[in-house]
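Below is one structure, written out as C-alpha coordinates; comments come after it.
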Amino acid sequence: MKTYWQNYIDGTWVDGGAGRIDVINPGTGQKIAEHALADAADVDRAVMAAQRVHQSGVLSDLRPVDRGRMVQAMGRYLLDHIEELAEVLTLEQGKPLWESRIEIEGAARYFEYYGNQAETVEGRSIPLGKDYFDFTTYEPFGVSAQIIPWNYPVEMTARSLSAALATGNTCVIKTPELTPLSNAWFANAAEAVGLPKGTVNILCGLGQEAGAALSGHPGVNQIVFTGSVPTGVAIATAAARNVVPCVLELGGKSAAIVHDDADLAAFENDVRWGIYFNAGQVCSAMSRVIVHESVHDELVERMVGVAKSLEVKPGIEQTEFAATMGAMVSEGQRDRAAGMVSAAQGQGAQVATGGRKMNIPGAFLEPTILTGVTPDMTIANEEVFGPVLCVLKFSSDEDALRIANGTPYGLVGGVFTRDLDRATSATRRIRAGQVFVNEWYAGGVETPFGGYGKSGYGREKGREALWNYVQTKNVAIRLKG
Ligand code: NAD
(Lines give C-alpha, C1' and ligand atoms only; values in the text may rest on other atoms or scores of the structure.)
Protein backbone atom coordinates (compact mmCIF):
# COMPACT_ATOMS: atom_id res chain seq x y z
CA MET A 1 0.00 0.00 0.00
CA LYS A 2 1.30 3.49 -0.74
CA THR A 3 2.56 5.33 2.28
CA TYR A 4 1.39 8.86 1.43
CA TRP A 5 -2.11 9.83 0.21
CA GLN A 6 -3.14 13.26 -1.07
CA ASN A 7 -6.29 15.34 -1.23
CA TYR A 8 -8.21 15.67 -4.49
CA ILE A 9 -9.11 19.24 -5.40
CA ASP A 10 -10.30 20.46 -8.81
CA GLY A 11 -9.29 17.22 -10.46
CA THR A 12 -5.73 17.21 -9.10
CA TRP A 13 -4.06 15.28 -6.27
CA VAL A 14 -2.50 17.83 -3.90
CA ASP A 15 -0.69 18.15 -0.58
CA GLY A 16 -2.44 19.73 2.39
CA GLY A 17 -1.76 23.19 3.79
CA ALA A 18 -1.96 21.75 7.33
CA GLY A 19 0.67 19.06 6.74
CA ARG A 20 -0.05 15.37 7.18
CA ILE A 21 -1.89 13.05 9.54
CA ASP A 22 -0.91 9.50 10.51
CA VAL A 23 -3.35 6.75 9.64
CA ILE A 24 -3.27 3.87 12.14
CA ASN A 25 -4.43 0.30 11.61
CA PRO A 26 -6.64 -0.32 14.65
CA GLY A 27 -6.21 -4.07 14.15
CA THR A 28 -2.52 -3.79 15.08
CA GLY A 29 -1.98 -0.30 16.48
CA GLN A 30 0.63 0.28 13.74
CA LYS A 31 0.88 3.29 11.45
CA ILE A 32 0.02 2.33 7.87
CA ALA A 33 0.18 5.61 5.95
CA GLU A 34 0.13 9.37 6.07
CA HIS A 35 -2.62 11.50 4.57
CA ALA A 36 -2.45 15.13 3.47
CA LEU A 37 -4.25 17.42 5.89
CA ALA A 38 -6.25 20.27 4.39
CA ASP A 39 -6.37 23.76 5.86
CA ALA A 40 -8.97 26.49 5.29
CA ALA A 41 -7.23 27.63 2.07
CA ASP A 42 -7.50 24.10 0.62
CA VAL A 43 -11.17 24.05 1.55
CA ASP A 44 -11.64 27.38 -0.16
CA ARG A 45 -10.01 26.11 -3.38
CA ALA A 46 -12.22 23.03 -3.34
CA VAL A 47 -15.42 25.03 -2.80
CA MET A 48 -14.41 27.49 -5.55
CA ALA A 49 -13.76 24.64 -7.97
CA ALA A 50 -17.13 23.06 -7.17
CA GLN A 51 -18.84 26.43 -7.52
CA ARG A 52 -17.20 27.07 -10.89
CA VAL A 53 -18.39 23.73 -12.23
CA HIS A 54 -21.89 24.32 -10.90
CA GLN A 55 -22.15 27.81 -12.36
CA SER A 56 -20.88 26.62 -15.74
CA GLY A 57 -23.99 24.43 -16.00
CA VAL A 58 -21.93 21.55 -17.34
CA LEU A 59 -23.53 19.17 -14.84
CA SER A 60 -26.88 20.75 -14.06
CA ASP A 61 -27.78 21.34 -17.73
CA LEU A 62 -27.31 17.69 -18.64
CA ARG A 63 -30.30 15.58 -19.47
CA PRO A 64 -30.87 13.73 -16.16
CA VAL A 65 -30.60 10.30 -17.75
CA ASP A 66 -27.05 11.11 -18.86
CA ARG A 67 -26.08 12.30 -15.41
CA GLY A 68 -27.77 9.25 -13.93
CA ARG A 69 -25.72 6.95 -16.12
CA MET A 70 -22.49 8.52 -14.88
CA VAL A 71 -23.66 8.09 -11.29
CA GLN A 72 -24.47 4.44 -11.92
CA ALA A 73 -21.07 3.93 -13.52
CA MET A 74 -19.40 5.22 -10.35
CA GLY A 75 -21.02 2.36 -8.45
CA ARG A 76 -19.78 -0.15 -10.97
CA TYR A 77 -16.31 1.34 -10.64
CA LEU A 78 -16.38 0.63 -6.90
CA LEU A 79 -17.42 -2.97 -7.54
CA ASP A 80 -14.69 -3.38 -10.17
CA HIS A 81 -12.15 -2.38 -7.49
CA ILE A 82 -13.81 -4.07 -4.53
CA GLU A 83 -10.88 -6.23 -3.43
CA GLU A 84 -8.24 -3.48 -3.29
CA LEU A 85 -10.70 -1.03 -1.72
CA ALA A 86 -11.92 -3.56 0.87
CA GLU A 87 -8.36 -4.20 1.99
CA VAL A 88 -7.64 -0.49 2.52
CA LEU A 89 -10.97 0.02 4.30
CA THR A 90 -10.27 -2.86 6.66
CA LEU A 91 -6.74 -1.69 7.36
CA GLU A 92 -7.79 1.85 8.25
CA GLN A 93 -11.13 1.09 9.96
CA GLY A 94 -10.68 -2.29 11.64
CA LYS A 95 -13.76 -4.08 10.32
CA PRO A 96 -13.55 -7.62 8.96
CA LEU A 97 -12.65 -7.90 5.29
CA TRP A 98 -16.01 -9.53 4.60
CA GLU A 99 -17.76 -6.58 6.24
CA SER A 100 -15.75 -4.18 4.08
CA ARG A 101 -17.02 -5.98 0.98
CA ILE A 102 -20.58 -5.60 2.28
CA GLU A 103 -19.94 -1.89 2.84
CA ILE A 104 -18.62 -1.41 -0.70
CA GLU A 105 -21.52 -3.35 -2.20
CA GLY A 106 -23.84 -1.11 -0.17
CA ALA A 107 -22.02 1.96 -1.48
CA ALA A 108 -22.36 0.74 -5.06
CA ARG A 109 -26.05 0.17 -4.47
CA TYR A 110 -26.50 3.89 -3.64
CA PHE A 111 -25.01 4.85 -7.00
CA GLU A 112 -27.25 2.32 -8.74
CA TYR A 113 -30.36 3.55 -6.93
CA TYR A 114 -29.81 7.31 -7.21
CA GLY A 115 -28.45 6.99 -10.73
CA ASN A 116 -31.82 5.42 -11.56
CA GLN A 117 -33.70 8.17 -9.73
CA ALA A 118 -32.04 11.04 -11.61
CA GLU A 119 -34.76 11.26 -14.23
CA THR A 120 -37.63 10.91 -11.77
CA VAL A 121 -37.21 14.39 -10.27
CA GLU A 122 -40.10 15.88 -12.20
CA GLY A 123 -41.90 19.18 -11.81
CA ARG A 124 -45.63 19.77 -12.16
CA SER A 125 -47.95 22.31 -13.61
CA ILE A 126 -50.40 24.24 -11.44
CA PRO A 127 -53.62 25.42 -13.11
CA LEU A 128 -54.19 29.18 -12.74
CA GLY A 129 -56.86 29.67 -15.37
CA LYS A 130 -56.48 30.34 -19.09
CA ASP A 131 -54.37 33.48 -18.69
CA TYR A 132 -51.43 31.78 -17.03
CA PHE A 133 -49.11 28.89 -17.49
CA ASP A 134 -47.51 27.94 -14.18
CA PHE A 135 -45.07 25.18 -13.34
CA THR A 136 -42.85 24.12 -10.49
CA THR A 137 -39.39 22.72 -11.12
CA TYR A 138 -36.57 21.48 -8.94
CA GLU A 139 -33.04 22.77 -9.30
CA PRO A 140 -29.83 21.61 -7.62
CA PHE A 141 -28.63 23.73 -4.73
CA GLY A 142 -25.14 24.09 -6.15
CA VAL A 143 -22.23 23.11 -3.92
CA SER A 144 -23.03 20.28 -1.51
CA ALA A 145 -20.64 19.96 1.47
CA GLN A 146 -20.51 16.49 2.97
CA ILE A 147 -18.80 15.79 6.30
CA ILE A 148 -18.21 12.10 6.72
CA PRO A 149 -17.82 9.90 9.85
CA TRP A 150 -15.29 7.13 10.32
CA ASN A 151 -17.64 4.22 10.96
CA TYR A 152 -18.73 3.73 7.32
CA PRO A 153 -16.49 6.09 5.35
CA VAL A 154 -17.28 4.50 1.99
CA GLU A 155 -21.00 3.93 2.44
CA MET A 156 -21.67 7.32 4.05
CA THR A 157 -19.89 9.19 1.28
CA ALA A 158 -21.72 7.10 -1.32
CA ARG A 159 -25.07 7.87 0.30
CA SER A 160 -24.81 11.63 -0.04
CA LEU A 161 -22.52 11.87 -3.09
CA SER A 162 -24.73 9.69 -5.30
CA ALA A 163 -27.93 11.63 -4.55
CA ALA A 164 -26.18 15.00 -4.81
CA LEU A 165 -24.66 14.20 -8.21
CA ALA A 166 -27.84 12.60 -9.55
CA THR A 167 -29.70 15.85 -8.87
CA GLY A 168 -26.94 17.93 -10.49
CA ASN A 169 -24.96 19.29 -7.53
CA THR A 170 -21.20 19.49 -7.25
CA CYS A 171 -19.55 18.23 -4.06
CA VAL A 172 -16.84 18.88 -1.51
CA ILE A 173 -16.30 15.92 0.81
CA LYS A 174 -14.47 16.22 4.13
CA THR A 175 -13.28 12.75 5.00
CA PRO A 176 -12.79 11.58 8.62
CA GLU A 177 -9.36 11.98 10.21
CA LEU A 178 -9.27 8.32 11.32
CA THR A 179 -10.30 6.73 8.01
CA PRO A 180 -9.44 9.04 5.10
CA LEU A 181 -7.85 6.57 2.68
CA SER A 182 -10.77 4.66 1.20
CA ASN A 183 -12.46 7.81 -0.11
CA ALA A 184 -9.74 8.09 -2.78
CA TRP A 185 -11.72 5.59 -4.88
CA PHE A 186 -14.53 8.14 -5.28
CA ALA A 187 -12.08 10.52 -6.93
CA ASN A 188 -10.87 7.72 -9.19
CA ALA A 189 -14.47 6.80 -9.98
CA ALA A 190 -15.42 10.42 -10.80
CA GLU A 191 -12.51 10.59 -13.25
CA ALA A 192 -13.24 7.19 -14.73
CA VAL A 193 -16.86 8.05 -15.54
CA GLY A 194 -15.95 11.42 -17.06
CA LEU A 195 -17.32 13.91 -14.52
CA PRO A 196 -15.79 17.35 -15.17
CA LYS A 197 -12.80 18.32 -13.03
CA GLY A 198 -13.94 20.08 -9.87
CA THR A 199 -17.28 18.25 -9.68
CA VAL A 200 -16.09 15.97 -6.88
CA ASN A 201 -13.49 17.26 -4.40
CA ILE A 202 -12.27 15.10 -1.55
CA LEU A 203 -10.12 16.29 1.30
CA CYS A 204 -9.12 15.19 4.73
CA GLY A 205 -8.63 17.75 7.46
CA LEU A 206 -9.23 18.22 11.14
CA GLY A 207 -12.86 18.74 12.09
CA GLN A 208 -12.16 21.95 13.97
CA GLU A 209 -10.16 23.35 11.08
CA ALA A 210 -11.14 21.98 7.65
CA GLY A 211 -14.57 20.76 8.81
CA ALA A 212 -15.43 24.09 10.37
CA ALA A 213 -14.05 26.00 7.35
CA LEU A 214 -16.19 23.90 5.02
CA SER A 215 -19.43 24.10 7.00
CA GLY A 216 -19.01 27.88 7.41
CA HIS A 217 -17.91 28.59 3.83
CA PRO A 218 -20.14 31.16 2.10
CA GLY A 219 -19.79 29.29 -1.21
CA VAL A 220 -21.46 26.17 0.17
CA ASN A 221 -25.18 25.87 -0.61
CA GLN A 222 -26.18 22.73 1.28
CA ILE A 223 -24.58 20.58 4.02
CA VAL A 224 -24.87 16.91 4.90
CA PHE A 225 -23.42 15.67 8.18
CA THR A 226 -23.30 12.34 9.98
CA GLY A 227 -21.63 12.13 13.37
CA SER A 228 -21.96 13.25 16.96
CA VAL A 229 -24.54 15.62 18.45
CA PRO A 230 -22.08 18.38 19.52
CA THR A 231 -20.51 18.50 16.06
CA GLY A 232 -23.99 18.46 14.50
CA VAL A 233 -24.92 21.50 16.58
CA ALA A 234 -21.73 23.31 15.47
CA ILE A 235 -22.48 22.52 11.82
CA ALA A 236 -26.14 23.53 12.05
CA THR A 237 -25.04 26.80 13.64
CA ALA A 238 -22.58 27.45 10.82
CA ALA A 239 -25.26 26.57 8.26
CA ALA A 240 -27.73 28.92 9.93
CA ARG A 241 -25.25 31.80 9.73
CA ASN A 242 -25.05 31.35 5.97
CA VAL A 243 -28.76 30.52 5.74
CA VAL A 244 -28.19 27.18 4.02
CA PRO A 245 -30.06 23.95 4.73
CA CYS A 246 -28.41 20.98 6.32
CA VAL A 247 -29.20 17.34 6.94
CA LEU A 248 -28.05 16.02 10.31
CA GLU A 249 -27.76 12.35 11.15
CA LEU A 250 -26.53 12.18 14.73
CA GLY A 251 -26.72 8.66 16.06
CA GLY A 252 -28.96 7.14 18.66
CA LYS A 253 -29.63 4.81 21.54
CA SER A 254 -32.05 2.64 19.66
CA ALA A 255 -34.15 0.03 21.43
CA ALA A 256 -35.66 -3.32 20.51
CA ILE A 257 -38.76 -4.22 22.53
CA VAL A 258 -38.92 -8.00 22.86
CA HIS A 259 -42.33 -9.28 23.96
CA ASP A 260 -43.05 -12.60 25.69
CA ASP A 261 -44.46 -14.02 22.44
CA ALA A 262 -41.41 -13.11 20.31
CA ASP A 263 -39.42 -15.71 18.42
CA LEU A 264 -36.41 -15.72 20.74
CA ALA A 265 -34.35 -18.09 18.62
CA ALA A 266 -34.74 -15.83 15.56
CA PHE A 267 -33.79 -12.81 17.70
CA GLU A 268 -30.26 -14.22 18.11
CA ASN A 269 -29.63 -13.17 14.53
CA ASP A 270 -30.79 -9.63 15.33
CA VAL A 271 -28.30 -9.49 18.20
CA ARG A 272 -25.50 -10.71 15.96
CA TRP A 273 -26.12 -7.99 13.35
CA GLY A 274 -27.77 -5.36 15.50
CA ILE A 275 -24.94 -4.78 17.98
CA TYR A 276 -21.87 -6.66 16.80
CA PHE A 277 -21.78 -5.71 13.11
CA ASN A 278 -18.96 -3.15 12.67
CA ALA A 279 -18.21 -3.73 16.38
CA GLY A 280 -21.35 -1.80 17.27
CA GLN A 281 -20.10 1.40 15.62
CA VAL A 282 -23.35 1.96 13.81
CA CYS A 283 -25.62 4.95 14.38
CA SER A 284 -28.70 2.72 14.18
CA ALA A 285 -27.21 -0.07 16.32
CA MET A 286 -29.56 -2.07 18.53
CA SER A 287 -27.85 -0.80 21.65
CA ARG A 288 -30.76 -1.46 24.03
CA VAL A 289 -32.90 -4.57 24.37
CA ILE A 290 -36.05 -4.03 26.44
CA VAL A 291 -37.33 -7.50 27.23
CA HIS A 292 -40.45 -8.76 28.98
CA GLU A 293 -39.53 -9.98 32.46
CA SER A 294 -41.01 -13.45 31.82
CA VAL A 295 -38.51 -14.21 29.02
CA HIS A 296 -35.61 -12.12 30.31
CA ASP A 297 -33.42 -14.95 31.57
CA GLU A 298 -33.89 -17.12 28.52
CA LEU A 299 -33.14 -14.22 26.18
CA VAL A 300 -30.04 -13.16 28.12
CA GLU A 301 -28.72 -16.72 27.90
CA ARG A 302 -29.28 -16.76 24.15
CA MET A 303 -27.68 -13.31 23.66
CA VAL A 304 -24.66 -14.25 25.77
CA GLY A 305 -24.33 -17.32 23.56
CA VAL A 306 -24.19 -15.08 20.48
CA ALA A 307 -21.60 -12.77 22.05
CA LYS A 308 -19.40 -15.68 23.12
CA SER A 309 -19.62 -17.32 19.70
CA LEU A 310 -17.81 -14.40 18.05
CA GLU A 311 -14.12 -14.71 17.35
CA VAL A 312 -12.47 -11.30 17.69
CA LYS A 313 -9.32 -10.69 15.65
CA PRO A 314 -7.76 -8.31 13.11
CA GLY A 315 -10.14 -7.63 10.24
CA ILE A 316 -7.57 -8.44 7.59
CA GLU A 317 -7.55 -12.07 8.79
CA GLN A 318 -11.32 -12.28 8.43
CA THR A 319 -11.54 -12.91 4.73
CA GLU A 320 -14.85 -14.76 4.51
CA PHE A 321 -18.18 -14.34 6.31
CA ALA A 322 -18.08 -16.05 9.71
CA ALA A 323 -18.93 -15.52 13.38
CA THR A 324 -16.23 -12.89 13.76
CA MET A 325 -15.80 -9.30 14.85
CA GLY A 326 -12.98 -6.83 14.20
CA ALA A 327 -11.29 -4.02 16.10
CA MET A 328 -12.97 -0.77 17.00
CA VAL A 329 -11.81 2.22 14.97
CA SER A 330 -9.21 3.46 17.47
CA GLU A 331 -7.85 2.80 20.92
CA GLY A 332 -9.44 6.08 22.01
CA GLN A 333 -12.92 4.91 21.00
CA ARG A 334 -12.28 1.49 22.55
CA ASP A 335 -11.13 3.03 25.85
CA ARG A 336 -14.13 5.34 25.88
CA ALA A 337 -16.49 2.35 25.44
CA ALA A 338 -14.67 0.29 28.10
CA GLY A 339 -14.85 3.29 30.45
CA MET A 340 -18.61 3.54 29.90
CA VAL A 341 -18.97 -0.16 30.79
CA SER A 342 -17.03 0.34 34.06
CA ALA A 343 -19.09 3.41 34.90
CA ALA A 344 -22.28 1.41 34.28
CA GLN A 345 -21.05 -1.26 36.69
CA GLY A 346 -20.48 1.52 39.19
CA GLN A 347 -24.13 2.49 38.76
CA GLY A 348 -25.30 -1.10 39.36
CA ALA A 349 -25.30 -2.81 35.96
CA GLN A 350 -23.90 -6.35 35.71
CA VAL A 351 -21.60 -7.65 33.00
CA ALA A 352 -23.21 -10.83 31.65
CA THR A 353 -20.32 -11.29 29.23
CA GLY A 354 -17.36 -9.30 27.89
CA GLY A 355 -16.72 -5.77 29.06
CA ARG A 356 -12.93 -5.83 28.91
CA LYS A 357 -10.26 -4.60 26.56
CA MET A 358 -8.60 -7.59 24.97
CA ASN A 359 -5.04 -8.39 25.86
CA ILE A 360 -3.73 -8.20 22.29
CA PRO A 361 -2.35 -5.28 20.26
CA GLY A 362 -5.01 -3.15 18.61
CA ALA A 363 -8.31 -1.55 19.58
CA PHE A 364 -10.26 -4.65 20.60
CA LEU A 365 -13.14 -4.80 23.04
CA GLU A 366 -14.91 -8.02 23.98
CA PRO A 367 -18.49 -8.38 22.71
CA THR A 368 -20.35 -7.17 25.76
CA ILE A 369 -23.77 -7.60 27.34
CA LEU A 370 -24.85 -5.61 30.35
CA THR A 371 -27.86 -6.71 32.37
CA GLY A 372 -29.64 -5.00 35.25
CA VAL A 373 -29.57 -1.74 33.31
CA THR A 374 -32.25 0.73 34.40
CA PRO A 375 -33.51 3.72 32.42
CA ASP A 376 -31.88 6.25 34.74
CA MET A 377 -28.32 4.94 34.16
CA THR A 378 -25.95 6.89 31.94
CA ILE A 379 -25.31 3.82 29.79
CA ALA A 380 -29.06 3.59 29.04
CA ASN A 381 -29.07 7.11 27.61
CA GLU A 382 -25.69 7.81 26.00
CA GLU A 383 -24.38 6.32 22.79
CA VAL A 384 -21.47 3.92 23.44
CA PHE A 385 -20.73 3.38 19.77
CA GLY A 386 -19.17 0.02 20.46
CA PRO A 387 -20.09 -3.68 20.88
CA VAL A 388 -22.01 -3.10 24.10
CA LEU A 389 -25.62 -4.18 24.49
CA CYS A 390 -27.74 -2.95 27.42
CA VAL A 391 -30.58 -5.16 28.62
CA LEU A 392 -33.55 -3.61 30.44
CA LYS A 393 -36.69 -5.36 31.74
CA PHE A 394 -40.34 -4.42 31.34
CA SER A 395 -43.58 -5.72 32.76
CA SER A 396 -46.30 -3.98 30.68
CA ASP A 397 -46.51 -2.72 27.10
CA GLU A 398 -46.83 0.84 28.40
CA ASP A 399 -43.68 0.38 30.42
CA ALA A 400 -41.75 -0.89 27.38
CA LEU A 401 -42.74 2.07 25.22
CA ARG A 402 -41.96 4.55 27.96
CA ILE A 403 -38.45 3.11 28.34
CA ALA A 404 -37.92 2.93 24.56
CA ASN A 405 -38.94 6.58 24.16
CA GLY A 406 -37.08 7.70 27.26
CA THR A 407 -33.84 8.98 25.68
CA PRO A 408 -33.28 12.25 23.81
CA TYR A 409 -32.56 10.25 20.64
CA GLY A 410 -34.96 8.74 18.11
CA LEU A 411 -33.14 7.23 15.16
CA VAL A 412 -34.66 3.74 14.84
CA GLY A 413 -36.58 1.32 17.03
CA GLY A 414 -37.81 -2.25 16.89
CA VAL A 415 -40.60 -4.42 18.17
CA PHE A 416 -40.49 -8.21 18.31
CA THR A 417 -43.80 -10.01 18.73
CA ARG A 418 -46.14 -12.42 16.91
CA ASP A 419 -49.10 -10.18 17.75
CA LEU A 420 -49.93 -7.92 14.80
CA ASP A 421 -52.02 -5.46 16.81
CA ARG A 422 -49.32 -5.04 19.41
CA ALA A 423 -46.70 -4.55 16.70
CA THR A 424 -48.78 -2.04 14.78
CA SER A 425 -49.56 -0.06 17.88
CA ALA A 426 -45.85 0.06 18.79
CA THR A 427 -44.89 1.29 15.31
CA ARG A 428 -47.19 4.27 15.86
CA ARG A 429 -45.94 5.02 19.34
CA ILE A 430 -42.18 4.53 19.05
CA ARG A 431 -40.66 7.96 18.48
CA ALA A 432 -38.08 7.21 15.81
CA GLY A 433 -37.57 7.82 12.11
CA GLN A 434 -37.70 4.12 11.28
CA VAL A 435 -39.28 1.17 13.10
CA PHE A 436 -38.38 -2.46 12.46
CA VAL A 437 -40.84 -5.25 13.19
CA ASN A 438 -39.35 -8.70 13.77
CA GLU A 439 -36.06 -7.94 12.00
CA TRP A 440 -33.50 -5.34 12.99
CA TYR A 441 -32.16 -3.46 9.92
CA ALA A 442 -35.10 -4.52 7.74
CA GLY A 443 -35.33 -2.08 4.83
CA GLY A 444 -32.66 -0.88 2.43
CA VAL A 445 -31.37 1.93 0.28
CA GLU A 446 -34.99 2.48 -0.86
CA THR A 447 -36.33 3.24 2.64
CA PRO A 448 -36.00 6.75 4.14
CA PHE A 449 -33.76 6.98 7.16
CA GLY A 450 -33.17 9.71 9.71
CA GLY A 451 -33.89 10.88 13.20
CA TYR A 452 -36.47 12.20 15.57
CA GLY A 453 -35.25 14.35 18.47
CA LYS A 454 -31.49 14.56 19.01
CA SER A 455 -30.87 11.97 16.30
CA GLY A 456 -31.09 14.81 13.81
CA TYR A 457 -33.30 15.99 10.99
CA GLY A 458 -33.75 15.48 7.29
CA ARG A 459 -33.80 12.06 5.68
CA GLU A 460 -31.18 10.08 3.82
CA LYS A 461 -31.95 7.09 1.59
CA GLY A 462 -35.03 6.50 -0.49
CA ARG A 463 -36.72 8.95 -2.81
CA GLU A 464 -37.27 11.20 0.17
CA ALA A 465 -33.56 12.06 0.27
CA LEU A 466 -33.60 13.51 -3.23
CA TRP A 467 -35.46 16.56 -1.88
CA ASN A 468 -32.45 17.42 0.31
CA TYR A 469 -30.46 18.19 -2.79
CA VAL A 470 -32.91 20.30 -4.80
CA GLN A 471 -34.64 23.61 -4.30
CA THR A 472 -38.09 24.42 -5.57
CA LYS A 473 -38.67 27.03 -8.26
CA ASN A 474 -42.08 28.12 -9.40
CA VAL A 475 -42.50 29.82 -12.77
CA ALA A 476 -45.69 31.78 -13.47
CA ILE A 477 -46.20 32.96 -17.05
CA ARG A 478 -48.85 35.54 -18.01
CA LEU A 479 -50.25 34.61 -21.39
CA LYS A 480 -51.70 37.03 -23.91
CA GLY A 481 -55.04 35.24 -23.68
P1 NAD B 1 -17.53 13.82 15.19
O2 NAD B 1 -18.97 14.16 15.07
O3 NAD B 1 -16.68 14.74 15.95
O4 NAD B 1 -16.86 13.69 13.73
C5 NAD B 1 -17.55 13.39 12.55
C6 NAD B 1 -17.01 14.25 11.42
O7 NAD B 1 -17.20 15.63 11.73
C8 NAD B 1 -15.51 14.10 11.16
O9 NAD B 1 -15.28 14.16 9.77
C10 NAD B 1 -14.93 15.32 11.86
O11 NAD B 1 -13.70 15.71 11.31
C12 NAD B 1 -15.98 16.35 11.60
N13 NAD B 1 -15.96 17.48 12.55
C14 NAD B 1 -15.58 17.47 13.85
N15 NAD B 1 -15.70 18.70 14.40
C16 NAD B 1 -16.19 19.51 13.41
C17 NAD B 1 -16.56 20.89 13.36
N18 NAD B 1 -16.46 21.70 14.41
N19 NAD B 1 -17.05 21.37 12.20
C20 NAD B 1 -17.19 20.57 11.13
N21 NAD B 1 -16.84 19.27 11.12
C22 NAD B 1 -16.35 18.74 12.25
O23 NAD B 1 -17.45 12.36 15.74
P24 NAD B 1 -16.16 11.61 16.33
O25 NAD B 1 -15.37 12.48 17.24
O26 NAD B 1 -15.46 11.02 15.19
O27 NAD B 1 -16.88 10.51 17.22
C28 NAD B 1 -17.44 10.88 18.48
C29 NAD B 1 -18.77 10.23 18.70
O30 NAD B 1 -19.69 10.58 17.66
C31 NAD B 1 -18.77 8.71 18.64
O32 NAD B 1 -18.37 8.14 19.82
C33 NAD B 1 -20.19 8.42 18.31
O34 NAD B 1 -20.98 8.42 19.46
C35 NAD B 1 -20.61 9.56 17.43
N36 NAD B 1 -20.59 9.18 16.01
C37 NAD B 1 -21.76 8.90 15.42
C38 NAD B 1 -21.79 8.54 14.10
C39 NAD B 1 -23.07 8.24 13.42
O40 NAD B 1 -23.08 7.55 12.43
N41 NAD B 1 -24.17 8.78 13.89
C42 NAD B 1 -20.62 8.43 13.38
C43 NAD B 1 -19.40 8.73 13.99
C44 NAD B 1 -19.43 9.11 15.32
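The values are calculated or read from the model by the stated rules, or taken from the named source; none is laboratory data. Keep in mind that this is a model prediction, so the values were computed, not measured. Heads up, the Cβs are rebuilt from the backbone with ideal geometry, glycines too, and the neighbour counts pull from every protein chain shown.
Take Val53 and tell me if it is among the β-branched types (Val, Ile, Thr) and assigned to a loop (DSSP other than H, G, I, E, B). Answer is no for this residue. For beta carbons closer than 8 Å, sequence separation of 6+ or different chains, a first residue in the range 279-292 that is closer than 16 Å to Thr90 by Cα and surrounded by 24 or more Cβ atoms within 10 Å (Cβ to Cβ) and a second that is modelled with pLDDT of 95 or more and of a type in the set (Lys, Arg), the qualifying pairs are Ala279/Lys95.
For the range 110-141, a residue qualifies if it is in a helix (DSSP H, G or I) and over 26 Å from Ile316 (Cα atoms), and the qualifying residues are Phe111, Glu112, Tyr113, Tyr114, Gly115, Asn116, Gln117, Ala118, Glu119, Thr120.
Assessment of the range 371-379 against the conditions (at pLDDT 95 or above, over 27 Å from the mean Cα position of the chain (by Cα) and under 20 Å from Met328 (Cβ atoms)) yields no matching residue.
On the stretch given as the range 358-374, residues that are of a type outside the set (A, V, I, L, M, F, W, C) and crowded, with 17+ Cβ neighbours inside 10 Å total 6. If a residue has to be in contact with a strand residue (DSSP E or B) (Cβ under 7 Å, 6 or more places away or on another chain) and either of a type in the set (S, T, N, Q) or closer than 12 Å to Ala46 by Cβ (or both) to count, how many in the range 199-216 make the cut? Total satisfying the criteria: 10.
Only one entry in Ala18, Ala46 is assigned to a helix (DSSP H, G or I), modelled with pLDDT of 95 or more and at negative phi, namely Ala46. So is Ala107 over 23 Å from Pro26 (Cβ atoms) and part of a helix (DSSP H, G or I) or not? Against the criterion (over 23 Å from Pro26 (Cβ atoms) and part of a helix (DSSP H, G or I)), Ala107 does not qualify. Of the numbered criteria (1) closer than 30 Å to Ala33 by Cα; (2) of a type in the set (Val, Ile, Thr); (3) more than 10 Å from the ligand (Cβ to nearest atom); (4) free of Cβ contacts under 8 Å to residues at least 60 places away in the same chain, the one Ile173 fails is (3). Scanning the range 178-206 for residues that are within 16 Å of the ligand (Cβ to nearest atom), of a type in the set (Gly, Ala, Ser) and under 22 Å from Arg52 (Cβ atoms) gives a single hit, Gly205. When restricted to residues that are touching a helix residue (DSSP H, G or I) at 6+ places or on another chain (Cβ under 6 Å) and within 16 Å of the ligand (Cβ to nearest atom), the range 153-170 contains 6. Being among the polar types (S, T, N, Q) and within 25 Å of the chain's Cα centre (by Cα) is a description that does not apply to Asn474.
Of the residues making up the range 56-76, those that are of a type in the set (Lys, Arg) and assigned to a helix (DSSP H, G or I) are Arg67, Arg69, Arg76.
For the range 222-263, filtering for residues that are more than 10 Å from the ligand (Cβ to nearest atom) and on the phi > 0 side of the Ramachandran plot leaves 1.
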